[in-house]
Amino acid sequence: MRILGIGSRIEHSEYGFGVVTNVTPKHYWVTFQKNGLETIDIDSEFEVIEACDDDVDTISLYDVEKSLREILERFSDVSQVVPLADKFKNGTLILQPADTDLASKEIPINKFWHKIIMLRDRLRVMEQKINSADMDEQLKIDLQQYLTRIYGSLTTFNVLFASKDQQFKGTGK
């Protein structure tokens, strides 16, 4: 089976005329005239109108960007954008004292969310600095355990995360 290169023109029975705009090991990303961008399996049925040489690597630009992003996050103190769950966007956090004579405090949840993410990012930087520090291994283990317990204490806020893979994780006990 010949792999089509970027720029190849195809006719697909469901999507119509399109141009290959990216190639991954299993898929073509094709921009179709009527349907916009779609991913189709490399071995799916379509007619090749004009094939371009497969002078492309089978690693997509997305994969390269993802790898670069992960490397930068791991070795710098640049924080990633962590989305707040949609149901809480532009909401308000209300702190209501037990004493009804006292006023409640309202905080925009977006501002509170920003503080939580800053805390998480600073904990991650601390973790990286501990892991790379020249210190006694037992001390590293002890500090790592404290950090894990801190993350565990913050799992209450996981309800605010839009994505589960960005949530706080403790020891799991």
Next on the checklist: Placing unit charges on C-beta atoms (Lys and Arg positive, Asp and Glu negative, everything else neutral), compute the dipole magnitude of segment 77-166 about its Cα centre in debye, rounded to 20.
Outcome noted: 340 debye
Checklist entry - So between Asp121 and Val48, what do we pick up on full extension, going 0.36 nm a residue minus the alpha carbon distance? => result 21.4 nm
Next on the checklist: Rounded to whole Å, give me the distance from the Cα center of segment 101-139 to that of segment 20-40.
Outcome noted: 41 Å
Checklist entry - Taking a threshold of 22 Å on the Cα-Cα distance, which of the pairs Lys87/Lys111; Lys66/Lys140; Lys26/Lys164; Lys66/Lys115; Lys26/Lys66; Lys87/Lys164 fall above it? => result Lys66/Lys140; Lys26/Lys164; Lys66/Lys115
Checklist entry - If packing is taken as the mean number of other Cβ atoms within 10 Å per residue, what is the order of 132-142, 20-30, highest first? => result 20-30, 132-142
Item to check | Kirkwood Rh in Å, taken over all unlike Cα pairs in segment 77-166 | outcome: 15.4 Å
Item to check | Cβ-based exposure ranking for His12, His114, in which fewest neighbours within 10 Å come first | outcome: His114, His12
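Every number in this text was worked out from the coordinates using simple rules, so none of it is lab data. Predicted model only: the values in this text are computed from it and were never measured. Heads up, the Cβs are rebuilt from the backbone with ideal geometry, glycines too, and the neighbour counts pull from every protein chain shown.
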